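Only one structure is covered here, and it is reproduced in the block below.
Quick note: the coordinates plus some simple rules give every number you see, no bench work behind them. From a predicted model like this one, the values you see are computed outputs, not experimental measurements. Neighbour counts are summed over all protein chains in view; Cβ atoms, including those assigned to glycine, are modelled from backbone coordinates with ideal geometry.
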């Protein structure tokens with residue numbers, strides 16, 4: 001099958017199996033180049049393990065600390081005339097590489113919000129791993145069916161209170177335009193919190209604790225973002241921001257329970273703005289990222305997912321002195337992005353960006369490169385004109 005990138009709006013609907021494999025190997029090489037993570041985790045559960053920060057976390061644990069990893073994801077295999085999702089190919093690439101290195105790597109593919117998948121995961125941990133010393137919670141889903149009520153909620157990316165108008169960019173067409181977003185209803189706010197808030201993380205941690213599957217001093221981390229004021233209407237102060245507030249509420253509750261039960265800790269890690277499948281869908285944010293990349297690359301401080309996760313593990317979670325946290329107890333690996341000098345430059349560029357000067361004032365080319373890499377395209381040695389086999393089975 002000839003597999004070329006087919007971009008529709010903010011998503012690519014095709015994925016290249018060999019390209020995804022190459023991308024995963026790039027990330028593995030980076031972790032290996034940084035040397036071992038001293039006193040790192042040994043048995044890790046990653047909930048949301050197939051793309052972005054979740055995948056990068058799994059790679060950091062496995063190839064930085066020789067950890068056994070169990071990944072939970074929800075990915076679609078290939079169908080007749082249609083390649084699999086990138087997360088499917090990523091998971092296969094990671095699993096094969098980890099097992100080749102002599103590491104335990106197992107996967108559960110299904111709805112992580114469901115009781116059924118939680119039960120399968122608990123049973124597999126009991127059978128193969130015993131106790132987990134690190135739980136990464138990195139789910140990014142547009143909908144959630146509650147395991148108790150069976151009510152399905154769908155998240156929205158909207159401001160709260162008043163409508164919001166600002167610049168955005170069609171990253172595929174390179175057109176800068178104005179977007180107007182109507183405010184969310186109370187029901188939409190509640191639904192977004194139900195999907196992207198902290199309740200499911202709490203359910204996972206309670207299930208692991210009740211079954212006695214958390215090791216002494218076990219840690220858990222979930223990911224968040226704050227960003228600059230230009231993004232706040234659709235992020236920090238919008239529906240997704242309300243969900244992230246609930247995630248922080250859950251972190252405090254989980255931390256209290258971990259401290260009492262196993263002497264462990266739970267953290268929110270505030271990460272840098274990056275090109276991911278999730279961030280590409282948020283109005284305004286892609287234009288901000290394109291400008292940010294331009295500024296940070298010029299200053300030599302740009303990082304991607306894998307660089308961020310390597311620092312999170314080595315410099316915070318498993319550093320001798322322990323994590324450095326802000327006044328709210330959050331780990332901040334967005335500190336380079338949020339430097340006053342960098343934000344001042346981004347803010348100075350923002351009002352001047354147009355369709356005509358997009359390529360000059362922003363790193364839209366870098367944005368597109370990173371976006372296509374998520375789907376296995378644009379990597380060295382990957383020929384999209386070459387016939388490839390899209391049907392790749394998940395290792396047993």
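Key figures
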| item | result |
| --- | --- |
| Length released on extending from residue 4 to residue 315, taking residue separation times 0.36 nm less the Cα-Cα span | 108.1 nm |
| Förster radius 51 Å - calculated FRET efficiency between residue 211 and residue 173, Cβ distance, rounded to 0.05 | 0.50 |
| DSSP beta bridges in the chain [antiparallel fraction, %, rounded to 5] | 35 |
| Sequence-separation-based contact order of the chain, relative, with Cα cut under 8 Å and 6+ spacing, percent | 23 |
| Simple label model, 7 Å out from Cα along Cβ direction - residue 96 to residue 180, nm | 5.1 |
| Order of 288, 267 under a 10 Å beta carbon neighbour criterion, fewest first | 267, 288 |
| Mean projected area (nm²) of the alpha-carbon convex hull when region 253-383 is viewed from all directions | 11.1 |
| Ranking of 210, 387, 315 by count of other Cβ atoms within 10 Å, fewest first | 387, 210, 315 |
| Residues 12, 20, 73 arranged by fewest to most Cβ contacts within 10 Å | 12, 73, 20 |
| Segment residue 338-residue 149, extension gain: residue separation times 0.36 nm, minus the distance between their alpha carbons | 64.0 nm |
